[in-house]
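Written below as C-alpha cells is the structure these notes are about.
The values are calculated or read from the model by the stated rules, or taken from the named source; none is laboratory data. The structure presented is a predicted model; accordingly, all values stated were derived computationally and were not measured. For neighbour counting, all protein chains shown are included, and Cβ atoms are generated from backbone atoms with ideal geometry for every residue, glycine included. All accessible areas refer to the heavy atoms of the entire protein, side chains included, with ligands and DNA or RNA removed. Shrake-Rupley method; radii C 1.70, N 1.55, O 1.52, S 1.80 Å.
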Amino acid sequence: MLHINYLIDKHAAQLVTDDESHIGWYEICRVCKEAGQDVSLNTTNTVTLPWWSFLSIRSSIKRILKKNQLKLTADEEATRLLKLSISREGAYKRATEEDEQYTQDDVKRLLAAKGFQRSLTHHQLRNVTKLAGLPSGATFSVPGAGKTTEALALYCLKKTKVQGCLLSLQKMHLLRGKKH
C-alpha cells in the first residue's frame, strides 16, 4: 500500500509505504529520485518531494501502482489537491483540444468594440488570439516586443470573465520611467 500525505509547511508530498521491500516501492523511489534534486528518502519507507514535482510524476506512479497491484490512500489535503490538479488539467486539455474559440478577425472586432486603442502587430494578434481560447497561458518575448500590449489586450477581451489579472512587468521599464 502507498499512502500520500501533504506536508503543508513544506508544500511537499510525502509518500509512505507499509512494505519497503516490495518491488513497486523501489520503482516509486526511482521515479521520485529522477524527478529532481529536492527528493529525500527520510526512512526506508518514506520519500518526500515538492508537490509540483509529485504532480509531474503522478501518471508514472499510477502506472507502477497498477502494474504491482498496490493500493493507494491519501490524507484529506492531498486528496483535495489531487482532485484540483486533475480538474485543472482536464479543463486545460479540453480548451486546447477544442476548435479555436476566437479568430483574428473576432479579436480585432471585439477589441475595437471594447474601446481598446492600441494597434496589435501580426505576432501580437496571433498570440492574443491563441491565449484568448485558453484557461491560462503565458507569452515570452524579448524586451520591447509588446508583451504588455498583449496582456492588456487579453485582459480587455476577458475582463468580464476573469476574476483578476496578474501583470508582471520588468523593473527596468519602471525605473526608466517608460509609460506603456
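Some notes on this structure:
- Residue 122 - accessible surface, heavy atoms, 1.4 Å probe, Å² rounded to 10: 120
- Extension gain from residue 31 to residue 140, taking 0.36 nm per residue of separation minus the Cα-Cα distance: 36.2 nm
- Net charge over other residues, Cβ less than 13 angstrom from the Cβ of residue 41 (K, R count +1; D, E count -1): 0
- Once the 1.4 Å probe is applied to the protein heavy atoms, the chain comes out at 68 Å² accessible per residue.
- Degrees, to the nearest 10: 147-158 long Cα axis against longest axis of the chain: 90
- Candidates per trypsin sites (Lys or Arg not before Pro) in the range 5-96, loop by DSSP, up to 14 other Cβ within 10 Å: 71
- On Cα atoms only, tilt of 122-132 relative to the major axis of the chain in degrees: 50
- Rounded to whole Hz, the Karplus (6.51, -1.76, 1.60) HN-Hα couplings of the range 32-48, x for glycine and proline: 5, 4, 5, 6, x, 7, 7, 8, 10, 8, 6, 9, 5, 10, 9, 10, 10
- Other-chain or far-sequence residues with amide H under 5 Å of residue 74's (modelled H): 4
- Measuring gaps between exposed loop sites in the chain (GluC sites (Glu not before Pro); DSSP loop; at most 15 other Cβ atoms within 10 Å), the longest gap, sites not included, is 101-180.
- Out of every Cα-Cα pair that the chain contains, those further apart than 25 angstrom amount to 53 percent.
- Amide H to amide H distances under 5 Å link residue 12 with 7, 51, where only residues 5 or more positions off or on other chains count and H is placed in the peptide plane.
- Value of Rg/Rh across the range 20-120 [Cα atoms, Kirkwood radius]: 1.24
- Neighbour net charge for residue 27 - beta-carbon separation under 10 angstrom, K R +1, D E -1: +3
- For the range 73-156, applying the loop criterion from DSSP together with a ceiling of 10 other beta carbons within 10 Å to the chymotrypsin sites (Phe, Trp or Tyr not before Pro) yields 140.
- With all protein chains in place and a 1.4 Å probe, the accessible surface of the chain carries 54 percent carbon and sulfur.
- Using the Cβ-Cβ distance between residue 126 and residue 42 with R0 set to 41 Å, the FRET efficiency works out to roughly 0.25.
- Distant alpha-carbon pairs in the range 102-148 (separation over 11 angstrom), percent: 69
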